[in-house]
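The values are calculated or read from the model by the stated rules, or taken from the named source; none is laboratory data. Since this is a predicted model, take the numbers as computed values, not measurements. Positions of Cβ are generated from backbone atoms using ideal geometry, with glycine treated the same way; all protein chains shown enter the neighbour counts.
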Amino acid sequence: MKSLIIVFMACASLAQAATQTMKTDTCNNSPVRYTIQHTGGTQFQINVEFTETQGRFDVGFHPSDAAPQGEADFITNMTARDQTGIWHTVVYIGEGGWMLPEADTQGYTALRYTLNAEHDRASWDIGKEEIAYGFDDAFYFVGQAVLPIDYSWLDCQFEVNFDIPTNWTVVAPWQTTGDNRFTVNGANALGRNIFVTGPDLQPNTTELGGMNVAILEQQVFREVAPVFQTLLEQSIERYVELFGSAPIKDYLVVFGQDERNDGGAFAQSFGQRLPAPLRVHEKLMWARSIAHEALHSWIGITIRSETHSELQWFTEGGTDYLSNKTLFHIGQIDANDLIFITEGQVRRFFLGRISSGPISLTEAGKEKQRNRQLVYGGGSLFHLFLDAEMTAKKGGGSYEALWRHLYENSDEPYTFTALMTVLDDASDGAASEIYAMLNGPFNLNAILVRMEQIGLPTAAFGPDELLLRFSGNGCSGSRETHCIPDFLAN
Ligand SMILES: [Zn+2]
């Protein structure tokens, strides 16, 4: 839920690397080959074959106490083969980067290193589903945490081959070309995806709205997997109905055990973690997370921002708002759940305004974790108000039609200005007005007045204690389902 990075822009050093001069014929029409060999225990030997390199390789960089160099702490013995076949030690330069010695003249064509898959010994601020973790007797990896990449390879074709014990398999959202062999189009699909390898993996594959969805869970969730599957099916079917199609062909969803609820969405996959055993009374937590991450395939991955941070408030807020509305629509949550969720969105905005200070929602996205209350709370409220305004002016379904329009015109990423133009055209300027109000001087009462106007009267004691009721369809303030304002119940 917290994280969504479309391209490798996870940290300053990576962004810097990506802006280095790029050659136009980087791949020589031949794929970059990664061979991942399990050599016993938690160790893997990884070989990378290529025809050209700029001499620098990077993985994600998320340092922690137990792993001061982040993901790079689990990669050792890196060497590179020059044109004469001699292997040279590769120098680690910090922040997840390595540099080949005298790369200009040596004509390097291969890299190899040891991957020590012991990532569970560190704790990861962004969540272990964004990095790697032990998956029963198997291993869960996110590409960019374990497969160093040369940034001149962004548009290359990749082959990923696994050399693994006979009782192991690989589960990945990539196109299969043979036993444990895959082809991957572009560095984003290589790095921003999950793959799992090891024994006893039993993915369940189902076709939903033209999308092949593989669902894989740790053993502790195997019995309840049908619950996840039903929820995913109903959510995805609704999303396909809303947007008109599925944005991708192959999709992987992985459920892992953890103490907390969280999830991360990638190019063609998402990783969810939650406490085990699954507790039915916590459904509101894990169901929201599943519906949210699945929706990111449309919002955030396909409808995306030219500058990653600029539209975080819009994509995260929109994903949150529309996924919750969807859960109600498909009958997975009830009116009381909707009250709880909406109260939470208002509260998050109030607390976020106070803790982040007078910054815009766009600025808040630059430091999403620090400003997460403002990004998610403010973003969700933007969509709540926009939906209400559009429904009042343009009729039921107009907000959903706007999403479909954004999706159908998402060949190129959106800038803030381009997006707001589309939103204002569709809402007669309501989008800019709502955005300005949320960014204006913090006025708690103004928000409460607006909530009342849209059929969600809300009482507040300070910024944090809230009581919300429904006053749609002539109700004066109720928790009854028939009192939910039409725009929200749609
Ligand atoms: Zn999200």
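Tell me which residues, restricted to the range 237-257, are farther than 24 Å from Leu190 by Cβ and within 19 Å of the chain's Cα centre (by Cα). Spell out the reasoning first.
Initial filter on the range 237-257 (farther than 24 Å from Leu190 by Cβ): 237-245, 257.
Result: Tyr239, Val240, Phe243, Gln257.
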Problem - Residues that are within 16 Å of the ligand (Cβ to nearest atom) and more than 30 Å from Thr417 (Cβ to Cβ), drawn from the range 255-269 - result: Arg260, Asn261, Asp262, Gly263, Ser269
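Name the single residue, out of those in the range 128-162 being assigned to a loop (DSSP other than H, G, I, E, B) and of a type in the set (Asp, Glu), that is nearest to Gln268 (Cα to Cα). It would help to see each step written out before you state the result.
From the range 128-162, those assigned to a loop (DSSP other than H, G, I, E, B) are 131, 136-137, 147-148, 150, 154-156; that's our starting set.
So of that shortlist, the ones also of a type in the set (Asp, Glu) come out as 136-137, 150, 155.
On the way: Asp136: 23, Asp137: 24, Asp150: 21, Asp155: 17 Å.
That would be Asp155.
Filter the range 298-308 down to the residues that are in a loop (DSSP other than H, G, I, E, B) and either more than 12 Å from the ligand (Cβ to nearest atom) or touching a helix residue (DSSP H, G or I) at 6+ places or on another chain (Cβ under 8 Å) (or both) and list them by number.
Within the range 298-308, the subset in a loop (DSSP other than H, G, I, E, B) is 298, 300-302, 304, 306-308.
Once the filter is applied, which keeps residues that are in a loop (DSSP other than H, G, I, E, B) and either more than 12 Å from the ligand (Cβ to nearest atom) or touching a helix residue (DSSP H, G or I) at 6+ places or on another chain (Cβ under 8 Å) (or both), the range 298-308 yields Trp298, Gly300, Thr302, Arg304, Glu306, Thr307, His308.
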Exercise for the section: Could you check, for the range 238-257, whether at least one of its residues is among the polar types (S, T, N, Q) and crowded, with 17+ Cβ neighbours inside 10 Å? Expected result: yes
Handout entry: Scope the range 140-164; condition modelled with pLDDT of 95 or more, more than 21 Å from Gln175 (Cβ to Cβ) and not small (Gly, Ala, Ser); matching residues
Key = Pro148, Asp150
Exercise for the section: Collect the residues in the range 90-135 that are modelled with pLDDT of 95 or more, surrounded by fewer than 18 Cβ atoms within 10 Å (Cβ to Cβ) and on the phi > 0 side of the Ramachandran plot, keeping them in residue-number order. Expected result: Gly94
Fill in the blank from the handout: Within the range 330-342, the residues that are touching a helix residue (DSSP H, G or I) at 6+ places or on another chain (Cβ under 6 Å) and away from the ligand (no atom under 16 Å from the Cβ) are Ile330, Gln332, Ile333, Ala335, Asp337, Leu338
Exercise for the section: Being hydrophobic (A, V, I, L, M, F, W, C) and either in the same structural domain as His62 (by TED's automatic domain parsing) or not in a loop (DSSP other than H, G, I, E, B) (or both) is the filter here, so list the residues in the range 333-347 that pass it. Expected result: Ala335, Leu338, Ile339, Phe340, Ile341, Val346
Practice task
Return a yes/no flag: does the range 348-366 have any residue that is part of a helix (DSSP H, G or I), within 15 Å of the ligand (Cβ to nearest atom), out of contact with any Asp or Glu (no Cβ under 6 Å at 6 or more places or on another chain) and of a type in the set (S, T, N, Q).
Solution key: no
Handout entry: Flag if Leu311 is within 11 Å of the ligand (Cβ to nearest atom) and either within 23 Å of Thr415 (Cα to Cα) or touching a residue at least 40 places away in the same chain (Cβ under 8 Å) (or both)
Key = no
Exercise for the section: State yes or no: is Val91 farther than 26 Å from Ile301 by Cα and either free of Cβ contacts under 8 Å to residues at least 24 places away in the same chain or out of contact with any helix residue (DSSP H, G or I) (no Cβ under 6 Å at 6 or more places or on another chain) (or both)? Expected result: yes
Problem - Residue satisfying condition, being without any contact (Cβ under 8 Å) to a residue 60 or more places away in the chain and either of a type in the set (Lys, Arg) or not in a helix (DSSP H, G or I) (or both), within set Asp425, Asp411 - result: Asp411
Practice task
Output the number of residues of the range 138-164 satisfying the condition of being surrounded by fewer than 23 Cβ atoms within 10 Å (Cβ to Cβ), of a type in the set (Asp, Glu) and within 22 Å of Asp73 (Cα to Cα).
Solution key: 0
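Quick grid of which residues meet (1) crowded, with 24+ Cβ neighbours inside 10 Å; (2) more than 11 Å from the chain's Cα centre (by Cα):
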position: Glu259; (1), (2): no, yes
position: Pro277; (1), (2): no, yes
position: Ile299; (1), (2): yes, no
position: Ser309; (1), (2): no, yes
position: Phe314; (1), (2): yes, yes
Handout entry: Pick from the range 175-198, criterion of a type in the set (Gly, Ala, Ser) and in a strand (DSSP E or B), ranking: nearest to the chain's Cα centre (by Cα)
Key = Gly198
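How about the range 50-117: which strands (runs of 3 or more DSSP E) wholly inside it have at least 2 residues that are under 23 Å from Phe141 (Cα atoms) and among the aliphatic types (A, V, I, L, M)?
Details: elements: 56-58, 75-81, 87-89, 91-94, 97-99, 110-116.
In the range 50-117, 75-81, 110-116 are the strands (runs of 3 or more DSSP E) which contain 2 or more residues that are under 23 Å from Phe141 (Cα atoms) and among the aliphatic types (A, V, I, L, M).
Looking for whichever is in contact with an Asp or Glu (Cβ under 6 Å, 6 or more places away or on another chain), at pLDDT 95 or above and assigned to a helix (DSSP H, G or I) here; the options are Phe487, Phe385. Which one fits? Show your work before the answer.
Values: Phe385 fails: in contact with an Asp or Glu (Cβ under 6 Å, 6 or more places away or on another chain).
Going through Phe487, Phe385 in turn, the sole match is Phe487.
Just checking, does the range 361-377 include any residue being hydrophobic (A, V, I, L, M, F, W, C) and surrounded by fewer than 24 Cβ atoms within 10 Å (Cβ to Cβ)?
From the range 361-377, those hydrophobic (A, V, I, L, M, F, W, C) are 361, 364, 374-375; that's our starting set.
This time we only want the ones that are surrounded by fewer than 24 Cβ atoms within 10 Å (Cβ to Cβ), so: none.
For the range 361-377, residues hydrophobic (A, V, I, L, M, F, W, C) and surrounded by fewer than 24 Cβ atoms within 10 Å (Cβ to Cβ): absent.
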Practice task
Return the residue satisfying two criteria in turn: it lies in the range 211-230 and is over 21 Å from the mean Cα position of the chain (by Cα) and in a loop (DSSP other than H, G, I, E, B), and of such residues it is surrounded by the most Cβ atoms within 10 Å (Cβ to Cβ).
Solution key: Val224
Practice task
Mind listing just one residue for me: the one in the range 279-297 that is within 12 Å of the ligand (Cβ to nearest atom) and charged (D, E, K, R) and, of those, surrounded by the fewest Cβ atoms within 10 Å (Cβ to Cβ)?
Solution key: Arg288
